[in-house]
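Following: one structure in structure tokens, then a few remarks.
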Amino acid sequence: MKEKNVDFAAHPVDVNWGAFLLNFLGNFGVPLVLLGSLLLAFPRTPSGPNLPFGLGRSKAKFQMEPNTGITFDDVAGVDEAKQDFEEIVEFLKTPEKFSALGAKIPKGVLLTGPPGTGKTLLAKAIAGEAGVPFFSLSGSEFIEMFVGVGASRVRDLFNKAKANSPCLVFIDEIDAVGRIRGTGLGGGNDEREQTLNQILTEMDGFAGNTGVLVIAATNRPEILDAALVRPGRFDRQVSVGLPDIRGREEILKVYSKTKKLDKEVSLSVIAMRTPGFSGADLANLMNEAAILAGRRGQEKITPKEIDDSIDRIAAGMEGTKMIDGKSKAIVAYHEVGHAVCATLTEGHDPVQKVTLIPRGQARGLTWFLPGEDPTLVSKQQLFARIVGGLGGRAAEDVIFGEPEITTGAAGDLQQITQIARQMVTMFGMSEIGPWALTDPATMQSDVVLRMLARSSMSEKLAKEIDQCVKKIIDNAYQIAKNHVRNNREAIDKLVDVLLDKETLTGDEFRAILSEYTHQPLKTEDRVRIKDLISV
Ligand code: ADP
Ligand code: ZN
């Protein structure tokens, strides 16, 4: 950019190390300073330079937008949430109408849902529809190195808001301050608690009808302090989930309005192929496709650009192709191993394509098309995923011999171990029986909390869990190895073709495989393509 005289500035990405370290320091004191700096020495996030202890961070305060200019029409695919909010818009528009009747206006609404599903956008739309100012601040920005800063920021924010009422205050990532008090790595954390207490005090403080509505967003409602969700505070919860197929189509409509699409492009097909994509992913998808079409010198976006962009968003950037040689052959066998083991195991999703073109971290990829309802998965389907996931390693093992197995299976092993563990501890799909052996609140949170949960479990039970997990995986591995042994001829042929063509479509793959196997591959009832996931 310097070369071309482009005006630019560089800012470090604002990762919340401050709060992170505070958590540690507050509870364990000095010994962990060492650990903390060790952690910092191994950058885990691909971000710019971070200064520890929140030093050098901008004193970012809240932002105010007098008019967001966003309406409900800009938010697609979340009709239920929108309905909930229409009432709230009324409150904000004409508070008198409700107070005259003696109705208390709700003070707080908690928006829950995964990142990128449009929570911020929805909050802005409420302000936009009601024509009131929009104040926003992220929970993690409250927390600074020094005790008391967060609380005074909360006071500032609410003073400003009250002076501008009616208005809407949006607190993103409320879990950063609103986590259950007294947990978080063993003890309390003064700064966080003070900030939380200040929010609670402010919310209690405004008499029923000041016209300040607080909307908070989180993707982890289960870890919030009970005091936050009590009546009179964030007593309304609206959840915004990942969009379903119809929702995705609606969102795609919003983002294709400004784009030039070839008439071959069908938004409903894109929607079918993108389960698990959030609104933000879909917006990104359309943009990537437009950029790609531009780079290819086209006037319109064709299905090819959309396909490539889906691959890119789901699996990362395309890498340079491997040169022919032993590692390319190993990767080919590994991927064909996945595809064959998955296809021959009842209940597995069909192969969409097998490719040797590297993407992201992966040197080759096997893509699958998830079935009808990806949210309701049977034991057989989970087990089939484990067999398919082990197919890569099984092929390396059977074909090249145990000493030659590679590190390439690390990602697969992580995935299948997690599935097996969840089968045992969450879904009651093992000999232990229908027990929930994990507490959802501790599921994804701190490592230490998980360790504590585990240590509160009887040693015998913990051991049984491990045994069951191991047994599931051992079984699946035997099955996978058998699939490879029994289909050696087909696999050799498939690898030949794959090395030659680099990519095999699902149909090409099944055509070759069926020449060698008598097992019906059942493509017909699997044609209702839903999407790609990769192993
Ligand atoms: P969240 O706050 O839930 O993490 P955001 O509201 O910040 O998500 O969404 C990020 C971006 O993704 C939005 O600015 C918008 O461009 C797009 N987006 C997400 N969900 C939707 C949706 N339902 N309709 C339209 N656009 C959406
Ligand atoms: Zn693999």
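The values are calculated or read from the model by the stated rules, or taken from the named source; none is laboratory data. All figures in this text were calculated on a predicted structure; none of them were measured in a lab. When we count neighbours, we look across all protein chains shown, and the Cβ atoms used for this are built from the backbone with ideal geometry, even at glycine. Note: areas computed on protein heavy atoms with side chains; ligands, DNA, RNA excluded. Shrake-Rupley method; radii C 1.70, N 1.55, O 1.52, S 1.80 Å.
Data table
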item: Student exercise, region 163-293 dipole from Lys, Arg, Asp, Glu Cβ charges, in Debye to nearest 20; result: 540
item: Between region 109-130 and region 385-442, the Cα center-to-center distance that results, in Å; result: 37
item: Segment Lys501-Asn475, length gained on full extension (0.36 nm per residue, minus Cα span); result: 6.0 nm
item: Residues of region 235-285: accessible area per residue with a 1.4 Å probe, Å²; result: 53
item: Partner lysines for Lys470 [C-alpha distance under 25 Å; skip if fewer than 8 residues away on the same chain]; result: Lys379, Lys460, Lys481
item: FRET efficiency estimate (nearest 0.05) - Cβ-Cβ, Ser378 to Gln63, R0 56 angstrom; result: 0.75
item: Accessible surface of region 217-366, 1.4 Å probe, proportion on carbon and sulfur as whole %; result: 50
item: Whichever aspartates and glutamates have a C-alpha closer than 16 Å to that of Lys471, once near sequence neighbours (fewer than 8 apart) are set aside; result: Glu431
item: C-alpha center-to-center spacing [region 316-358, region 210-230] in angstrom; result: 45
item: Listed residue (Ala329, Thr366, His348) projecting farthest to the positive dipole end of region 277-383, Cβ model; result: Ala329
item: Entries in Lys300/Lys501; Lys321/Lys501; Lys93/Lys253; Lys93/Lys162; Lys124/Lys304 that, when Cα-Cα distance is taken, lie over 23 Å; result: Lys300/Lys501; Lys93/Lys253; Lys124/Lys304
item: Hits among aspartates and glutamates - C-alpha to C-alpha of Lys160 under 20 Å, sequence gap 8 or more where chains match; result: Glu65, Glu141, Asp172, Glu202, Asp204
